[in-house]
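Novice: Before anything else, here's the structure in question.
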Amino acid sequence: MEQKHIVFFNTKGGVSKSTLCEFAALELKRLGHDVSVDNTDQQEHVTLMDNDAAAFCLYDTAGSFTAENVELLQAAAEANAVIIVPMNTGQNDLKELPFLIARLEEYGIKEKARFVFTKTRQNSKALESRRATLAELGLTSCRWVMPQLEDFTEQRQTARTRNEISAFLHEVIL
């Protein structure tokens with residue numbers, strides 16, 4: 001099996017990039033996959049895993065276009081990769097969207113981007129509006145929405161968090 005590279009990226013901080021990366025890595029391991037985790041985020045919230053034989057290589061990134069992130073995104077254009085773009089439904093996320101999309105296009109990875117909504121309610125009007133905006137721009141948004149669980153913020157590995165992340169992985173990665 002060819003390595004799959006999964007890059008958690010957004011130009012904003014605080015959108016759950018690190019949380020999704022950490023839980024995705026743990027769930028992939030629990031499901032029996034070889035996993036590697038790297039980090040370009042100076043805050044280093046994720047647990048690094050070095051595994052040259054990994055089937056899945058996950059990358060947590062800083063919330064900006066650092067030189068390291070640009071290099072990673074450019075490499076993703078030629079790799080078996082998916083770019084996970086966590087985002088909230090607030091106005092600031094919407095303001096950042098044109099700039100983010102322009103960079104995804106510039107690096108040739110727009111078609112590899114999958115937007116996932118975090119910190120929002122499943123049936124909110126804001127979520128519906130943001131999904132429509134993404135669709136109008138030709139972007140893919142996941143059906144799965146990261147629930148607002150204390151388990152995620154407290155880094156607890158409960159059956160509920162595992163089930164939620166498993167649903168995310170099966171929709172977007174597996």
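Bear in mind that the values in this text are calculations on the coordinates, not laboratory data. Keep in mind that this is a model prediction, so the values were computed, not measured. All Cβ positions, even for glycine, are placed from backbone atoms using ideal geometry, and neighbour counts span all protein chains on display.
For (1) closer than 14 Å to Ser18 by Cα; (2) touching a residue at least 40 places away in the same chain (Cβ under 8 Å), each residue gets a yes or a no:
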site: Gly32; (1), (2): no, no
site: Ser36; (1), (2): no, no
site: Asn39; (1), (2): yes, no
site: Leu72; (1), (2): no, yes
site: Ala81; (1), (2): no, yes
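Novice: Is it the case that Phe115 is surrounded by 15 or more Cβ atoms within 10 Å (Cβ to Cβ), out of contact with any strand residue (DSSP E or B) (no Cβ under 8 Å at 6 or more places or on another chain) and aromatic (Phe, Trp, Tyr)?
Specialist: no
Novice: I would also like to ask the following. Would you tally the residues in the stretch 87-129 being in a strand (DSSP E or B) and of a type outside the set (A, V, I, L, M, F, W, C)?
Specialist: Summing the residues that are in a strand (DSSP E or B) and of a type outside the set (A, V, I, L, M, F, W, C) in the stretch 87-129 gives 1.
Novice: When the residues of the stretch 28-54 are filtered to those that are part of a loop (DSSP other than H, G, I, E, B) and among the hydroxyl-bearing types (Ser, Thr, Tyr), which remaining residue is farthest from Ser64 (Cα to Cα)? Working first, answer last.
Specialist: Of the residues in the stretch 28-54, the ones part of a loop (DSSP other than H, G, I, E, B) are 31-34, 40-48, 50-54.
Going one step further and asking which of them are among the hydroxyl-bearing types (Ser, Thr, Tyr), we end up with 40, 47.
Details: Thr40: 10, Thr47: 20 Å.
Going through the qualifying residues, I end up with Thr47.
Novice: Restricting attention to the stretch 39-64, and to residues there that are buried (at least 18 other Cβ atoms within 10 Å of the Cβ) and among the acidic types (Asp, Glu), which single residue is nearest to Leu174 (Cα to Cα)?
Specialist: Asp60
Novice: Another question, if that's okay. If Glu111 satisfies every condition in (1) under 25 Å from Asp38 (Cα atoms); (2) in contact (Cβ under 8 Å) with a residue 60 or more places away in the chain; (3) more than 14 Å from the chain's Cα centre (by Cα) but one, which is the exception?
Specialist: Among (1) under 25 Å from Asp38 (Cα atoms); (2) in contact (Cβ under 8 Å) with a residue 60 or more places away in the chain; (3) more than 14 Å from the chain's Cα centre (by Cα), Glu111 violates only (2).
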